[in-house]
1. Looking at the range 10-28 only, could you name the residues that are buried (at least 17 other Cβ atoms within 10 Å of the Cβ) and part of a strand (DSSP E or B)?
2. Determine whether the range 147-160 contains at least one residue that is closer than 30 Å to Glu259 by Cα, within 28 Å of the chain's Cα centre (by Cα), open to solvent by less than 80 Å² (accessible area, probe 1.4 Å) and of a type outside the set (Asp, Glu).
3. Read through the list (1) out of contact with any helix residue (DSSP H, G or I) (no Cβ under 6 Å at 6 or more places or on another chain); (2) open to solvent by less than 50 Å² (accessible area, probe 1.4 Å), then give the number of the only condition that Lys185 fails.
4. Considering only the range 314-325, state which residues are in a loop (DSSP other than H, G, I, E, B), open to solvent by 30 Å² or more (accessible area, probe 1.4 Å) and closer than 15 Å to Tyr280 by Cβ.
5. Inside the range 87-108, can you point out the residues that are at pLDDT 95 or above, open to solvent by 30 Å² or more (accessible area, probe 1.4 Å) and either of a type in the set (Ser, Thr, Tyr) or in contact with an Asp or Glu (Cβ under 8 Å, 6 or more places away or on another chain) (or both)?
6. Residues that are in contact with a helix residue (DSSP H, G or I) (Cβ under 6 Å, 6 or more places away or on another chain) and not hydrophobic (A, V, I, L, M, F, W, C): find the strands (runs of 3 or more DSSP E) completely inside the range 227-313 holding 1 or more of those.
7. I need a count of the residues in the range 43-55 that are open to solvent by 60 Å² or more (accessible area, probe 1.4 Å) and of a type outside the set (A, V, I, L, M).
8. Mind listing just one residue for me: the one in the range 29-42 that is touching a Pro at 6+ places or on another chain (Cβ under 8 Å) and open to solvent by 50 Å² or more (accessible area, probe 1.4 Å) and, of those, farthest from Gly258 (Cα to Cα)?
Amino acid sequence: MRFFHLSDLHIGKTLHGYSLKEDQTHILNEVVEYAGKLCPDAVVISGDIYDKAAPSAEAVSIFDTFLTELAALRPKVPVLLISGNHDSAKRLDYARRILADQQIYIAGQVPAQPGEHMEKVSLIDGFGEVDFYLLPFLKPGYVRELFAEKELSTYSEAVFAMIEREHIDFSRRNVLVSHQFYTRKGQESVTCDSEVFSVGGIDNVDSHIVEAFDYVALGHLHGSQTVGDEHIRYCGTLLKYSVSEASHEKTLHVVELGEKGQPVKIEKLPLHPKRDVRIYRGELDEILEAAQKEEKDCIEDYVSITLTDEKELYKPKEQLERVFSHILEIRLDNARIRKKLAFDNEEVILRSPVCVFADFFREMQGRELSEEERKVVETVAETAGGR
C-alpha cells in the first residue's frame with residue numbers, strides 16, 4: 001500500500017501580508033502531477049485544510065480545484081482527509097456523503113453520539129486490506145458527553161478513549177490519521193513560528209497511545225519529524241509559512257506499507273515552490289551586491305533582511321525594494337540597536353506602510369485586504385512616499 005501523506009495546507013494563509021494564492025495553487029498542482037505519475041493508492045491529508053474556520057471563497061475554490069483534479073485521475077485515487085484545529089468541522093463535512101461516492105472521504109466532526117464512530121476507510125493491496133481510521137482534531141470537551149462515565153481532563157485521555165471504543169483489530173494493518181500535538185517523553189518537538197500552541201503544553205497527547213498502529217499520519221506541526229518511532233510521523237507543510245522555516249526542506253511524503261509486521265518505508269519527493277523563503281544578514285551594500293549576482297527566481301523569493309551597518313543609512317528600505325520584490329521584514333542589528341534593546345527590550349523592525357495598514361485592517365475588519373483594496377493602499381502609499 002503506497003499513499004501520499006500531506007498535512008497543514010492552510011489554504012488562504014497570508015505571509016506578512018502577502019497573499020499565497022499563487023504559491024498554494026502552484027504547489028498543489030505539483031502534488032497532482034506526482035499523483036498522476038506515481039498512481040498512489042490514496043492521498044491522505046491530516047488536517048488544517050484551510051487557514052481559517054471561515055475560509056474565503058477564493059480559498060475554497062483552490063481546494064475545490066485540487067480535489068477535482070485528483071478525482072479526475074485514472075486509475076482512481078481515493079482521498080482521505082480530516083479537519084484540523086484551524087478548520088470548521090461542520091463546514092468541512094459539507095456534502096461528505098456525496099463526495100464519498102467519488103472516493104473522497106471526509107471526517108470533519110468527531111463522534112459525539114453513542115451510535116457514532118470514527119470514520120473507517122478500508123483499501124486493498126496485494127497483502128490484503130488496510131484500515132484507515134480518521135480522527136479529526138478534538139478537545140476533551142468535544143467528546144465529554146460520549147464518555148459520561150469517565151472524567152476526561154486531558155487530551156491524551158480523550159484521544160485514548162476515542163481509539164479504545166473502536167475495538168480495533170491490531171492483527172490487521174491499521175493507519176491512524178490524526179491532527180493533535182503528539183509528544184514523546186524525553187524528546188523535544190521542532191516547532192515553528194507559524195504554529196500556535198497552548199501555554200504550558202496542556203494540549204499534548206502521549207504518542208505511546210498510538211504505537212500499535214502500523215502508521216500514524218500526523219498533522220499540526222509544520223516541520224517534518226517523527227515522534228519517538230519512525231511510523232509516527234508529521235510530514236510537515238508543503239510550503240514555508242514563516243521565516244523560521246527558511247532552512248526547512250519541504251518534501252512530499254510517500255508512505256509504503258508492506259505486509260503486516262514489516263517496517264514502513266518513507267520516500268521524500270522534492271517540491272519546487274513558486275517562491276522560496278530566504279534570510280539575508282549583513283551590511284546593506286553587501287546584500288545589494290549579492291542580490292545582483294542572484295538568479296531572477298531568487299530575487300522574487302520572500303526575504304527577511306537583517307542589516308548590520310553601524311553607520312546611518314540613506315533610505316535602506318527603498319534601496320532594498322528596488323531589488324527584492326517580496327520583502328517580509330527588514331530588521332536592524334548593530335551596536336546602537338543592541339544598546340537600545342538593553343533598555344526597552346523591544347526589537348526594531350522596519351515595516352512598510354502597506355503591511356502596517358494591512359494588520360490594522362485585519363484587526364478592525366476580521367479579514368484580509370482583498371487584492372483590489374491592497375492595490376489602492378499601495379497606490380496611496382507610493383503617492384505619499386513621493387511627496
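1. Correct list: Ile11, Leu15, Tyr18, Ser19.
2. Looking for residues that are closer than 30 Å to Glu259 by Cα, within 28 Å of the chain's Cα centre (by Cα), open to solvent by less than 80 Å² (accessible area, probe 1.4 Å) and of a type outside the set (Asp, Glu), one finds at least one in the range 147-160, hence yes.
3. Single failed check for Lys185: (2).
4. Passing the criteria: Arg322, Val323, Ser325.
5. Scanning the range 87-108 gives a single hit, Tyr105.
6. In the range 227-313, 277-282, 302-307 are the strands (runs of 3 or more DSSP E) which contain 1 or more residues that are in contact with a helix residue (DSSP H, G or I) (Cβ under 6 Å, 6 or more places away or on another chain) and not hydrophobic (A, V, I, L, M, F, W, C).
7. Within the range 43-55, residues that are open to solvent by 60 Å² or more (accessible area, probe 1.4 Å) and of a type outside the set (A, V, I, L, M) number 1.
8. Cys39
The values are calculated or read from the model by the stated rules, or taken from the named source; none is laboratory data. Keep in mind that what you see is a predicted model, and the values were worked out from it rather than measured. Methodologically, a virtual Cβ is constructed for each residue, glycine included, from the backbone with ideal geometry; neighbour enumeration extends over all protein chains shown. In case anyone asks, the SASA skips ligands and DNA or RNA and just uses the protein heavy atoms, side chains included. Shrake-Rupley method; radii C 1.70, N 1.55, O 1.52, S 1.80 Å.
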